[in-house]
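One structure is given here, and the rest of the page talks about it.
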Amino acid sequence: MIELLPAPDHVVALRFSGELTGPDFDRVAGEIEARLARHERIGILADMTDFSGVTLEALGKDLRYNLTKLGEWKRFPREAVISDKAWVRTAVKAIDPLVPQVEVRTFAPGETDAALAWAGGFEA
């Protein structure tokens, strides 16, 4: 399930819970595209505290979507990930250097305000 969290218009803030499905991913992509239509660059906040996994359908959609954004990663300068799961923090550390245009940082549960401020704090 996906919940859209209150955030400035140049930040997409989402709370993931349970398993991410194909329709969930469609909602995420739609929200991202709507913000990109209004802003040259956007920040992302992903609260993954209650996230348990992803379906194959959602994983496939995510991979295809990311491929369409290969030349546009600079439009996503910061991504804040909230999680207390070691595997999520490890994945973020592994992925961060692979995409130098996007700075990714993890935050602990309860640090939502700090994560939101950081995700939206890039220079326009």
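Give the number of residues within segment 49-58 that are at pLDDT below 95, surrounded by fewer than 16 Cβ atoms within 10 Å (Cβ to Cβ) and not hydroxyl-bearing (S, T, Y).
Of the residues in segment 49-58, 2 are at pLDDT below 95, surrounded by fewer than 16 Cβ atoms within 10 Å (Cβ to Cβ) and not hydroxyl-bearing (S, T, Y).
So if I check each of E19, E33, which one is closer than 20 Å to L5 by Cβ, among the acidic types (D, E) and in contact with a strand residue (DSSP E or B) (Cβ under 6 Å, 6 or more places away or on another chain)? Steps first, please.
Numbers: E33 fails: in contact with a strand residue (DSSP E or B) (Cβ under 6 Å, 6 or more places away or on another chain).
Every option except E19 fails the conditions.
Residue by residue through segment 12-35, note down the ones that are within 19 Å of D50 (Cα to Cα) and not in a strand (DSSP E or B).
Once the filter is applied, which keeps residues that are within 19 Å of D50 (Cα to Cα) and not in a strand (DSSP E or B), segment 12-35 yields T21, G22, P23, D24, F25, R27, V28.
Between a first residue in segment 1-30 that is in contact (Cβ under 8 Å) with a residue 12 or more places away in the chain and a second residue that is aromatic (F, W, Y), which pairs have beta carbons less than 6 Å apart while being 6 or more apart in sequence or on different chains?
F16/F51; A29/Y65
Please go through segment 76-95 and give me each residue that is surrounded by fewer than 16 Cβ atoms within 10 Å (Cβ to Cβ) and among the acidic types (D, E), ordered by number.
Selection gives D84 alone.
Can you name the residue in segment 35-48 that is without any contact (Cβ under 8 Å) to a residue 40 or more places away in the chain and exposed (fewer than 13 other Cβ atoms within 10 Å of the Cβ) and, of all such residues, is nearest to G60 (Cα to Cα)?
Once the filter is applied, the top-ranked residue is A37.
Looking at (1) surrounded by fewer than 20 Cβ atoms within 10 Å (Cβ to Cβ); (2) of a type in the set (S, T, N, Q); (3) over 16 Å from I2 (Cβ atoms); (4) under 15 Å from the mean Cα position of the chain (by Cα), find the lone condition where T68 falls short.
(4)
Considering only residues that are outside any helix (DSSP H, G or I), among the hydrophobic types (A, V, I, L, M, F, W, C) and under 13 Å from the mean Cα position of the chain (by Cα), which ones fall in segment 76-102?
F76, A80, V81, I82, V102
The values are calculated or read from the model by the stated rules, or taken from the named source; none is laboratory data. As the structure is a computational prediction, the values presented were derived from the model and not from experiment. Cβ atoms come from the backbone with ideal geometry, glycine included; neighbour counts cover every protein chain shown.
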